[in-house]
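Report on one structure; see the data block that follows.
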Amino acid sequence: MRQNHVTLKQIRAFVTVAQTGSFTSAATRLHITQSAVSVLISEIEEQFGLRLFDRTTRLVELADAGRDFYPVAEKMLADLHNALLSSKELVAKKRGRVAVAATPFMASILLPKAIREYTAMYPGISVILKDTLAGLIQPKVRDGEVDFGIGTFEKTGRELVAEPLMADMLLLACPAGHPLAGKECVVWRELAGHPFISLTGDNSVGLLIRKCLADAGVEVHNAYEVSYLSTVVGMVGAGLGIAVLPSYTSLIAQSYNIQIRKLVKPEIRRQISFITRQGRTLSPAAESLKAFLKTYCEGKQLIVD
């Protein structure tokens, strides 16, 4: 067999002639002239060095080589059609898969309802939510385990790109009936003297809170030290102390009977961001979920004025 440079047009002409048994009928189906069909069949036979059809004045039939090649050619066209259809469905967001990494607390508070609304709009898209420690989000994005991550990132590696999602601020959380709950705003120095539930130093939010307390010259009474924001919320709700929490935790504060108050002097704001791998093109599904989350979060009142 000669070196092949068979084209899609030649394969389509071959399959259509085989199906119709006629160059004329094939030309009609393909919307080209009969002579153009004849040229395409001659070209593919020349490429193979084999006669694919036996021709008579009244009939066109597959030769032995043509019968062998026909199922292969038909499958090639079917596979191409399915691939194109699949691509169109991806673009139209009729199907797809998106993997997102976020911290456990954000994954439990902010994202479930958003994902429910998104998948109701696009039922063919599967959303994989990876709840993980903050320090593992960047590696998961960098290694391609997830399409994008969500969190607060002091620094991102050169291979990662951050994009703002929403603003966040640090707020005071205290049990209902606590003396500080009667204030509209609380100054950082007023936290001194109250049992304080703190986050461990390996927690990024905990590190930020410690820095803010140090900068304000405040020493708090650490009644408890825990590793996770969810534990802090539960302990404040149980009346074991006060705490400083990111504003997105206010979305569940009421269910724990927790009072949220603005912390001032200083007022600490930070940015919650998407991170993606630099140079990686996201799928249409991933891009649409990012856009949806941005709109969804804009509708949430997380900043206390």
Completion exercise
Under the 7 Å Cα-to-Cβ spin-label approximation, V6 and A176 lie apart by a distance in nanometres of 7.6
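Strictly over 31 Å apart at the Cα level, which of K75/K294; K130/K265; K183/K290; K130/K211 would you flag in this model?
K75/K294; K130/K265; K183/K290
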Problem - Where labels lie 7 Å past Cα in the beta-carbon direction, separation of L50 and L282 in nm - result: 4.9
Handout entry: Two-site label geometry, E267 and D143: point separation in nm, points 7 Å out along Cα→Cβ
Key = 4.1
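Can you compute the helix-only [θ] at 222 nm over the chain? Use -39500 (n - 2.57) per DSSP H run of at least 4 residues, normalise by all residues, nearest 500 deg cm²/dmol.
-13000 deg cm²/dmol
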Handout entry: Whether the stretch 167-270 is rounded, prolate or oblate, judged on the alpha carbon gyration tensor where a/c under 1.5 counts as rounded
Key = rounded
Practice task
Sequence neighbours fewer than 8 away in the same chain don't count; with that in mind, list the aspartates and glutamates whose C-alpha is under 15 Å from K262.
Solution key: D168, E184, E190, D305
Completion exercise
Listed residues P179, P139, P284; largest mean-square fluctuation, Gaussian network over the chain with Cα springs below 10 Å, found at P179
Handout entry: Folded to 0 to 90 degrees: helix 204-215 orientation relative to the chain principal axis, Cα
Key = 30
Handout entry: Distance cut-off 20 Å, percentage of C-alpha pairs in the stretch 8-91 lying past it
Key = 34
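Here, each number is a calculation from the coordinates, and none is a lab measurement. Note that the structure is predicted; figures quoted are calculated from it, not measured. In this analysis, Cβ positions are derived from the backbone assuming ideal geometry, glycine residues included, and neighbour counts consider all displayed protein chains.
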